[in-house]
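Q: Supplied in structure tokens, the structure appears directly below.
The values are calculated or read from the model by the stated rules, or taken from the named source; none is laboratory data. Computed from a prediction, not measured in an experiment: that's the story for all the values here. We place every Cβ from the backbone using ideal geometry, glycine too, and count neighbours over all the protein chains shown. In case anyone asks, the SASA skips ligands and DNA or RNA and just uses the protein heavy atoms, side chains included. Shrake-Rupley method; radii C 1.70, N 1.55, O 1.52, S 1.80 Å.
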Amino acid sequence: MSYIKIPKEWEILETQVTPESDYINRRKFIKDLGIAGAGALLFSTSTACAQNKGVEKQLRPFRSQKLAAENNTAFTVERQITDEIVAATYNNYYEFTTSKSSVWKKVGDFKARPWEVEVSGLVEKPMTIDVDDLIKQMPLEERIYRFRCVEAWAMVVPWIGFPMKALLDKVQPKADAKYVRMLTFLDPDMAPRQNSNRLPWPYYEGLTLAEAMNDLTILTVGIYGHILPPQHGAPIRLIVPWKYGFKSIKSIVSIELTDQKPRTFWNTLAPGEYDFDANVNPNVPHPRWSQASERMIGTKERLPTLMYNGYGSSVAHLY
Ligand SMILES: Nc1nc2c(c(=O)[nH]1)N[C@H]1C(S)=C(S)[C@@H](COP(=O)(O)O)O[C@H]1N2
Ligand SMILES: [Mo]
């Protein structure tokens, strides 16, 4: 009999939420090294510098691949855009690690090109297409969106992508198509945690067809003016800004139209915690924490959570 409580995989989600725990861990780390006082301060500043240099280097090949896309001024956010380095070093991507601050260090073996996306199921014109051919055919634009993780952290980022509707119109959904099911890649050689079957890989998500056709729903191929780096879900990922972040599935290989409500990764793991809709709602607490406010990454400001993450005028009619 063991007295050590081993957290379930999904419980890690919450424990990494608080900035306080980061702070305590760093203090403990410095203490363990036997450095104190002014030395500790110097040490932590230079660690931050070294980390910045490291991520700048990791991002360089992606930053140099600019994407031409006009900003769509219909989507403005009255909050400051999150710093690019902050967003690139605070990610959820469980295929690589559960530590948000380490994802960017673990994606070195990930290859986002060549990459094919299959669009299948209840459509008149199924297709499999190379992601760069798809990008050439789609109307790319930049949209600044709020982004809210179920763990109560938030950011504001400039995505580059195209409405999912533009792709669905191309394949022509059949009359009986009611849902869209999406899958992430499966390749344990590129994503170390896929070697374990403790989680039901590959990651899978779903939307109703009406949600997928909503103008806010975009398939994203870039961020901050350039192609997506791996930690943000290269080469193509979903963004549904009125829903908690786990709906926004990364590195998509398959989009399938169905007449059955698809199962979803997090709902399968913890049905009492993560529902299919996952609409941002300040009045419905997560079973283990409140959703009334959110913490902006980077600045650590606490702000009130907005109903539908501030996008109610576009989506409230769906529910
Ligand atoms: N395939 C896959 N997609 C995923 C995840 C994941 O672990 N695997 N995490 C989700 C969660 S919980 C969040 S909050 C967002 C994080 O996106 P970001 O790292 O670009 O901020 O991606 C979502 N998409
Ligand atoms: Mo999340």
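Q: The chain: longest stretch without exposed GluC sites (Glu not before Pro) (DSSP loop, at most 11 other Cβ within 10 Å), sites themselves excluded? Walk me through the numbers before you get to the answer.
A: Numbers: sites that count: Glu78, Glu124.
Excluding the exposed sites themselves, the longest stretch runs over 125-319.
Q: At 7 Å along Cα-to-Cβ for each site, give me the label-to-label distance between Gln137 and Gln80 in nm.
A: 4.2 nm
Q: Suppose R0 equals 41 Å; then what is the FRET efficiency for Glu301 and Asp109 from their Cβ-Cβ distance, rounded to the nearest 0.05? Please report the intermediate quantities before stating the final value.
A: Working: r = 36 Å, r/R0 = 0.87.
Efficiency for this residue pair is about 0.70.
Q: Between Ile144 and Asn197, what is the FRET efficiency for a Förster distance of 51 Å, r being their Cβ-Cβ separation, to the nearest 0.05?
A: Numbers: r = 39 Å, r/R0 = 0.76.
After rounding to 0.05, the efficiency reads 0.85.
Q: Top mean-square fluctuation among Lys178, Lys250, Lys170, Gaussian network model of the chain, C-alpha springs under 10 Å?
A: Comparing Lys178, Lys250, Lys170 in a Gaussian network model of the chain, the most mobile one is Lys170.
Q: I've got another one for you. May I ask you to give the average projected area over all directions of the convex hull of the Cα atoms of the chain, in nm² rounded to one decimal?
A: Working: hull surface 72.8 nm².
Its Cα hull, projected and averaged over all orientations, spans 18.2 nm².
Q: So, one more: Between Leu186 and Lys57, what FRET efficiency follows from the Cβ-Cβ distance if R0 is 30 Å, with the result rounded to 0.05?
A: On the way: r = 29 Å, r/R0 = 0.95.
The pair Leu186/Lys57 has a calculated efficiency of 0.55.
Q: Mind checking the dipole of the chain: about its Cα centre, +1 per Lys or Arg Cβ, -1 per Asp or Glu Cβ, Debye to the nearest 20? Could you put the intermediate results ahead of the total?
A: Details: 39 positive and 36 negative charges, 183 e Å.
With only Lys, Arg, Asp and Glu charged at Cβ, the dipole is about 880 debye.
Q: Quick one: if you stick a label point 7 Å off each Cα along the C-beta vector at Thr98 and His286, how many nm between them?
A: Modelled inter-label distance: 1.3 nm.
Q: Taking a virtual spin label 7 Å from the Cα of Thr208 along the C-beta vector, which residues in the stretch 251-282 bring their backbone nitrogen under 15 Å of it?
A: 258-262, 276-280
Q: Just the number, please: Stokes-Einstein D of the stretch 103-165 in µm²/s, Kirkwood Rh from C-alpha pairs, 10 °C, 1.306 mPa s.
A: Values: Rh = 14.9 Å.
Roughly 107 µm²/s, to the nearest whole number.
Q: For the stretch 112-210, what's the relative contact order in percent, using C-alpha pairs closer than 8 Å and at least 6 residues apart? Before the final figure, lay out the partial values.
A: Working: 114 pairs, mean separation 22.3, N = 99.
With pairs under 8 Å counted, the relative contact order is 23 percent.
Q: If the label point is 7 Å along Cα→Cβ of Lys66, which residues in the stretch 222-260 have backbone nitrogen under 13 Å from it?
A: Taking a point 7 Å out along Cα→Cβ of Lys66, the residues of the stretch 222-260 whose backbone N falls under 13 Å are 225-227.
Q: Could you tell me which helices of the chain pass both thresholds, a Cα extent of 27 Å or more along their own axis and a mean Kyte-Doolittle hydropathy of at least -0.5, with helices taken as whole DSSP H runs? All intermediate terms of the calculation are to be shown ahead of the outcome.
A: On the way: long enough: 37-63 (39 Å, -0.21).
Going by DSSP H runs, the hits are 37-63.
Q: So what's the projected area for the stretch 118-222, the Cα convex hull averaged over all directions, in nm²?
A: Details: hull surface 33.0 nm².
Over all viewing directions, the stretch 118-222 projects a mean Cα-hull area of 8.2 nm².
Q: Whose amide H sits under 5 Å from the amide H of Tyr145, counting only residues 5 or more places off or on another chain, with H placed in the peptide plane?
A: The list, which skips near neighbours in sequence, is Val157, Trp159.
Q: Still on this structure, please answer the following. Quick one: which of 182-191, 223-232, 160-169 comes out on top by average Cβ neighbours within 10 Å, and what's the full order, highest first? Present the calculation step by step, with values, prior to reporting the outcome.
A: Details: 182-191: 18.3, 223-232: 23.9, 160-169: 19.9.
Top to bottom by mean Cβ count within 10 Å: 223-232, 160-169, 182-191.
Q: Looking at the chain, what % of its DSSP beta bridges pair antiparallel, to the nearest 5? Walk me through the numbers on the way to the answer.
A: Working: 41 of 49 bridges.
Approximately 85 percent, going by the DSSP bridge assignments.
Q: What is the chain's relative contact order, in percent, from Cα pairs under 8 angstrom and six or more apart in sequence?
A: About 19 percent, as a whole number.
Q: In addition: Give me the tail of P(r) for the stretch 157-196 as a percent: Cα-Cα pairs with distance above 14 Å. Spell out each step's value before the answer.
A: Numbers: 535 of 780 pairs.
Here the long-distance tail beyond 14 Å is 69 percent of all Cα pairs in the stretch 157-196.
Q: May I pose another question? With every protein chain present, what accessible area does Thr82 have (1.4 Å probe, heavy atoms only), rounded to the nearest 10 Å²?
A: 10 Å²
Q: Heavy atoms only, probe 1.4 Å: what % of the accessible area of the stretch 230-287 goes to carbon and sulfur, would you let me know? Present the calculation step by step, with values, prior to reporting the outcome.
A: On the way: 810 of 1750 Å².
C and S atoms contribute 46 percent here.
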